[in-house]
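Any read-out appearing in this document is the output of simple, stated calculations on the displayed coordinates, not a laboratory observation. In this text, all values refer to a predicted model and were calculated from it rather than measured experimentally. Because the Cβ atoms are built from the backbone with ideal geometry, glycine has one as well, and the counts that use them run over all protein chains shown.
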Amino acid sequence: MASDTLHVFHADRLIGRLGYDSEEQLYSFQYDEGWRQDAAAFDLAPLLPRAERAHSGSTVRFFFSNLLPEGEMLEIVSRSHGVSKYNPFGLLRKIGAECAGALKILDSDVASPDGNSYKRVTAGELSARAKADAPDVLANLGGKFRMSLAGVQDKLPALLAADGTVAVPDVGSASAHILKPNNRQWRTFPHTAVNEHFCMELARRAGMDVPRSTLIRVPEPLYVVERFDRIFTPPLEFEHKGDQFELRGEPIHRLHQIDVCQLLGLPPTQKYENPEFETAPGPDISTVTKTLSNATGETLKVRQGIIEWVVFNYLIGNSDSHAKNISMLWKNGRWVLAPAYDLLSVAVYSEDPEKLHDFAFNIGGETRYGWITGSNWLEFAKGLSVNYRYVQGVLRRLSKQLVIEADALLQELSPAIDEEERKLLARITKLIRVHADFAVESSRTIVAAAKAAKLLSLSQ
Ligand SMILES: Nc1ncnc2c1ncn2[C@@H]1O[C@H](COP(=O)(O)OP(=O)(O)O)[C@@H](O)[C@H]1O
Ligand SMILES: [Mg+2]
């Protein structure tokens, strides 16, 4: 038979059926009638509303492809499961049981309710995973479990209990954290775990909406971030039952989340506004902002969140801030902008950060780091239909806060990090200072220049 079905669940509720006709290479999604009538129901995405008729074609295919890992991780997953990387249906059958957001994708048409059962992972196992070579990265842990998260980096959905125990969920139970080891290309991008924790914590201290993160050592450093698409009440504590660990209290509840590629109906390969190679270009930042505003109905909050996110990424030199690093959450019956994630300095790995030329989004028409000046921020404000003074205010505030907080955080983290890691954070701190000074100065002079131009035109 050419046609095949997977079942998409939220906890033990069937949302609908994902169909794949391999002869026609056609994807379809049909909501279950029970889900359509359910008071707790939600649409998979605004482009896939709970209609009576089935959805089909690229909207369905792209939505589900966006749940899979990308780049080298996709290759590894595809090799280790013996399923082509161009076959998202086949891959989700293998690894779709625990995805970003609320979805469980199973062969079976029955799902167990959310459970409390986990398996402990030892520091030795985590260390092996952190050190694994590409072919056997999934030989331990992830290979045995059926979990899929987008992104190009290795990561493990898990649970870090209050006593430091790390455990992975059995099928049906939910993770509460995401663990990321250092980047696999550690020669080019060393100490990314410390880098990401530092930048995320900086953003949190500067008042941005970001989940809490921490570092653990196994002894390799692992960046651990709380999942914002999960609801649980700390402290997370286990009861041991032989090999099995039972989480005390209520099971962890899943919230649905989609990224901007899913929101816009784009494949994961279109996450960059200016892609390399021959991929079609992705959305620009004003399209992203408008679409998120429309979907959430919260124009002011979305604009504020996106402007802070862009300015923060500029200040730390995070050139990889693309459309799959912005998401929306379904919370209390409506879409809201999700907290920020995947914040880390990329420019710090450049011999000359000013020559970094490939910021993911154009900032007022510019993608070269050293070339972004006041006039680009002015264009950026126009593109978002925001008063320039507002953007300038965010630039000033975040610049000031990050310079102060980065020094303080570096001091605070120093006892827990090694000398090489400390040097990297010191370089990020310096990079922030240079760009903060430059941004404040060039955003001020552009106002003076605009005033002068106005006076000039009045006098003519
Ligand atoms: N703290 C978090 N809570 C919930 N989901 C997250 C969180 N961090 C990341 N994700 C999800 O996991 C995906 C991959 O994470 P990300 O940090 O972007 O990895 P990568 O560095 O590989 O791009 C994201 O696109 C998002 O859907
Ligand atoms: Mg990412």
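Things to note:
- Residue-by-residue Karplus 3J(HN,Hα) for region 265-275, coefficients 6.51, -1.76, 1.60, Hz, glycine and proline x: x, 10, x, x, 5, 9, 6, 9, 4, 10, x
- Here the contact order of region 256-459, divided by its residue count and restricted to Cα pairs under 8 Å and six or more residues apart, works out to 19 percent.
- The Kirkwood hydrodynamic radius of region 256-459, based on inverse pair distances between different Cα atoms, is 18.1 Å.
- Region 212-290 and region 352-420: distance between their alpha carbon centers, rounded to Å: 24
- Rounded to the nearest 10 degrees, the inclination of helix 71-81 to the longest alpha-carbon principal axis of the chain is 10 degrees.
- When you restrict to C-alpha pairs under 8 Å that are six or more residues apart and normalise by the size of the chain, the relative contact order lands at 12 percent.
- Sum of -39500 (n - 2.57) over DSSP H runs of 4+, divided by residues of the chain (222 nm, nearest 500): -11500 deg cm²/dmol
- Distant alpha-carbon pairs in region 4-72 (separation over 20 angstrom), percent: 28
- All-pairs alpha carbon distance profile, region 117-254, 10 Å steps from 0, percent: 11, 43, 36, 10, 0
- Residue among 415, 6, 193 farthest towards the positive dipole end of the chain, charges placed on Cβ: 415
- From phi via Karplus (6.51, -1.76, 1.60), per-residue ³J(HN,Hα) for region 208-223 in Hz, x at Gly/Pro: 7, 7, 9, x, 6, 9, 8, 10, 10, 10, 10, x, 4, x, 10, 7
- Rounded tilt (10° steps) of 299-316 against the dominant C-alpha axis of the chain: 70
- Highest average packing first - 197-208, 431-442, Cβ atoms within 10 Å: 197-208, 431-442
- Helix 374-383 and the longest principal axis of the Cα set of the chain meet at an angle near 50°.
- Positive end of the dipole of region 380-460 (Cβ unit charges, origin at the Cα centre): among 383, 393, 424, the Cα lying farthest that way belongs to 383.
- The mean of 1/r over all pairs of different alpha-carbon atoms in the chain, once inverted, gives a Kirkwood hydrodynamic radius of 23.2 Å.
- Length gained when the stretch residue 127-residue 231 is fully extended (0.36 nm per residue, less Cα-Cα span): 34.6 nm
- Beta bridges per DSSP with both ends in the chain, % antiparallel, nearest 5: 95
- Count Lys and Arg as plus one, Asp and Glu as minus one, and take only other residues whose Cβ is under 12 Å from that of residue 230; the net charge is then -2.
- Think of the chain as a dipole: +1 on every Lys or Arg Cβ, -1 on every Asp or Glu Cβ, centred on the Cα centre; then among 297, 247, 88, 297 lies furthest on the positive end.
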